[in-house]
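The values are calculated or read from the model by the stated rules, or taken from the named source; none is laboratory data. None of the values given here were measured: they were computed from a predicted structure. FYI the Cβ positions are ideal-geometry reconstructions off the backbone, even for glycines, and counts take in every protein chain you see.
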Amino acid sequence: MTVYLVGAGPGDLGLMTSRSLELISVADVIVHDRLIPDGALAGARADALLLYAGKEGGGEQVSQARIEQLLVKHGRDPRKTVVRLKGGDPFVFGRGGEEAETLRAKGIEFEVVPGVTAGIAAPAYAGIPVTHRELASSVAFVTGHEDPAKDESALDWRALAAFPGTLVVYMGVRQLGAIAARLIEGGRSGDEPAALIQQGTLPQQRTVLATLATIAEAAATAGVRPPTIAVFGPVASLSERLAWIERRPLHGVSVAVTRARAQASSLVVRLLDLGASVIEAPVIKSRALTGPLPALSKYDLICLTSANGVDRLFDRLAAEGRDARAFGAARIAAIGPGTARALAANGIRADIVPARFDAEGLVAALVDVPVKRALVARAAVGREVLPEALRARGAEVDVVTLYETVIEALSEGQLEAVTAADYITVTSASSVHNLAEAAGGFPEGPRVVSIGPVTSEALRGIGHEADVTAEDHDLDGLIEALIADVAARA
């Protein structure tokens, strides 16, 4: 019997430890807080029991006693792996110590998996080192949820005021004015630099700088809300020149991604790295089609029109006990670099990759390539530009359909998030039509970034215009177009 008290970190999914992700993937029961990172439970087993045990705004939705009852109940079952997943670190203002004591008293073994605590991570993301050789050689972490004016306060505010280092206050937004007043009353300078970091480590992070005397007024003016970390001390002033998260080109910009879930991950990761807040709203999904493949070696040209098609083609080859050798001496054409990369991952180097990443570009790139027999491998519904152009040159052309795209329904919450986003990215005509169908009309509020003219034409066909069309019709071009538009509107 073992219960794992696991820290999930401050909010950025990338700051979760490998041990925490490993335990989530094998857990039978996960009792989790409200402030765990979005996506933290994505790796949980489909049959895992997920129990929400969140608290918000000082009013408990699930009492601490009830949480400990759940841990004891499930922790007693020797067949179960139980994970108590907590935001930040379980032993830093996370009440993990109380939970550990309860488990020990009941004879249930536990292990602690530390997490990155917000008191270090949020300031770091704001460019504030909580210690600094010249400015602060010590740091104190303080909980600020109780009223400092109470006579029976557990904190010695006079001692904290005299503390010769950085003060980092958790959960102190509602008591900020009283906290500042007690510190100044205790002798701390009202002119001391102060900072508030709201939603630290997340794409929505923002920092408010002031002095100890003016920080409460600055927070009220800026509308600061929990979760927020407060930093008092000379190091807070370093944010003005060391802040880095706000310098990312898409910081504070929300982007809805409509690609199929299987293909969206690379785009999502890149947008997150650029500072965007990403809404995943896959309105299409691909479904593999079955059937025998023709003998690939009989063709002198094989054209692949998507990375998804490459994956499906090699799936079929594997099912038939074949591999890349089946291509024989055929020349291989890829419609763009993404398709070429998918081929390379399967051991095939594309012979032809056009400068313009669409069917017309591929036709132009093939104009001087001799071809008698060609195979076009693609989705069930596709444009006829390439097959017709090759046939017009006298080539015998076969088309093999490897997959079909179907609509994926969006939840009401997803639709609301998409409509409220700053931008929507669309990467195919099917994503345009499916989003319009799912939303009862294409969303009007966000700016729309299209991957290329074919997708923009699909938008035009439903009475909507792309605000931005990528010059290079691939993900790199889409991201460059998005960054340029955000910069132009800054």
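Can you tell me how many residues within the range 340-366 are among the β-branched types (Val, Ile, Thr), within 33 Å of the chain's Cα centre (by Cα) and closer than 26 Å to Gly394 by Cα?
1
Within the range 391-426, can you find the residues that are within 24 Å of Ala470 (Cα to Cα) and at pLDDT below 90?
Residue satisfying the conditions is Thr405 alone.
How many residues are in contact with a helix residue (DSSP H, G or I) (Cβ under 6 Å, 6 or more places away or on another chain) and surrounded by 18 or more Cβ atoms within 10 Å (Cβ to Cβ) if we restrict to the range 334-357?
Within the range 334-357, residues that are in contact with a helix residue (DSSP H, G or I) (Cβ under 6 Å, 6 or more places away or on another chain) and surrounded by 18 or more Cβ atoms within 10 Å (Cβ to Cβ) number 10.
Quick check on my filter: what residues within the range 463-490 are touching an Asp or Glu at 6+ places or on another chain (Cβ under 6 Å), within 14 Å of Leu250 (Cβ to Cβ) and either part of a loop (DSSP other than H, G, I, E, B) or in the same structural domain as Ala355 (by TED's automatic domain parsing) (or both)?
none
Here is a check on your reading of the model: is Ser277 within 30 Å of Gly252 (Cα to Cα), of a type in the set (S, T, N, Q) and at pLDDT 90 or above?
yes
Identify, please: which residue in the range 444-455 is at pLDDT below 95 and surrounded by 20 or more Cβ atoms within 10 Å (Cβ to Cβ) and is, among those, farthest from Arg259 (Cα to Cα)?
Among those that are at pLDDT below 95 and surrounded by 20 or more Cβ atoms within 10 Å (Cβ to Cβ), it is Gly452.
Restricting to the range 385-422, what's the tally of residues that are touching a residue at least 12 places away in the same chain (Cβ under 8 Å) and part of a helix (DSSP H, G or I)?
Going through the range 385-422 one residue at a time, the tally reaches 11.
Of all residues in the range 282-322, how many are among the β-branched types (Val, Ile, Thr), in contact with a Leu (Cβ under 8 Å, 6 or more places away or on another chain) and closer than 30 Å to Ile424 by Cβ?
Looking only at that region, the number is 3.
Being under 30 Å from the mean Cα position of the chain (by Cα) and assigned to a strand (DSSP E or B) is the requirement here; does Val92 meet it?
no
Could you tell me which of the residues Thr211, Thr166 is surrounded by 15 or more Cβ atoms within 10 Å (Cβ to Cβ), hydroxyl-bearing (Ser, Thr, Tyr) and touching a Phe, Trp or Tyr at 6+ places or on another chain (Cβ under 8 Å)?
The unique qualifying residue is Thr166.
So, in the range 1-18, how many residues would count as being touching a Gly at 6+ places or on another chain (Cβ under 7 Å) and exposed (fewer than 14 other Cβ atoms within 10 Å of the Cβ)?
Adding up the residues that qualify gives 0.
Only one of these conditions is not met by Gly186: (1) surrounded by 17 or more Cβ atoms within 10 Å (Cβ to Cβ); (2) touching a Phe, Trp or Tyr at 6+ places or on another chain (Cβ under 8 Å); (3) over 20 Å from Ala126 (Cα atoms). Which number is it?
Of everything listed in (1) surrounded by 17 or more Cβ atoms within 10 Å (Cβ to Cβ); (2) touching a Phe, Trp or Tyr at 6+ places or on another chain (Cβ under 8 Å); (3) over 20 Å from Ala126 (Cα atoms), Gly186 misses just condition (1).
Can you name the number of the only condition in (1) outside any loop (DSSP other than H, G, I, E, B); (2) outside the structural domain of Ala27 (by TED's automatic domain parsing); (3) under 28 Å from the mean Cα position of the chain (by Cα) that Ala140 fails?
Condition not satisfied by Ala140: (3).
Tell me, please, whether a residue that is touching a residue at least 12 places away in the same chain (Cβ under 8 Å) and in contact with a Cys (Cβ under 6 Å, 6 or more places away or on another chain) can be found in the range 337-353.
No, the range 337-353 contains no residue that is touching a residue at least 12 places away in the same chain (Cβ under 8 Å) and in contact with a Cys (Cβ under 6 Å, 6 or more places away or on another chain).
Can you give me the number of residues within the range 19-49 that are surrounded by fewer than 18 Cβ atoms within 10 Å (Cβ to Cβ), more than 22 Å from Gln69 (Cα to Cα) and in contact with a strand residue (DSSP E or B) (Cβ under 6 Å, 6 or more places away or on another chain)?
So the count comes out to 1.
Pick from the range 364-380 the residues that are closer than 17 Å to Tyr299 by Cα and outside any loop (DSSP other than H, G, I, E, B): which of them is modelled with the lowest pLDDT?
In this case the residue turns out to be Arg378.
Run down Val369, Val363, Val381, Val399 and say which single residue is in the same structural domain as Ser297 (by TED's automatic domain parsing), of a type in the set (A, V, I, L, M) and surrounded by 16 or more Cβ atoms within 10 Å (Cβ to Cβ).
Just a single option satisfies the conditions, and that option is Val363.
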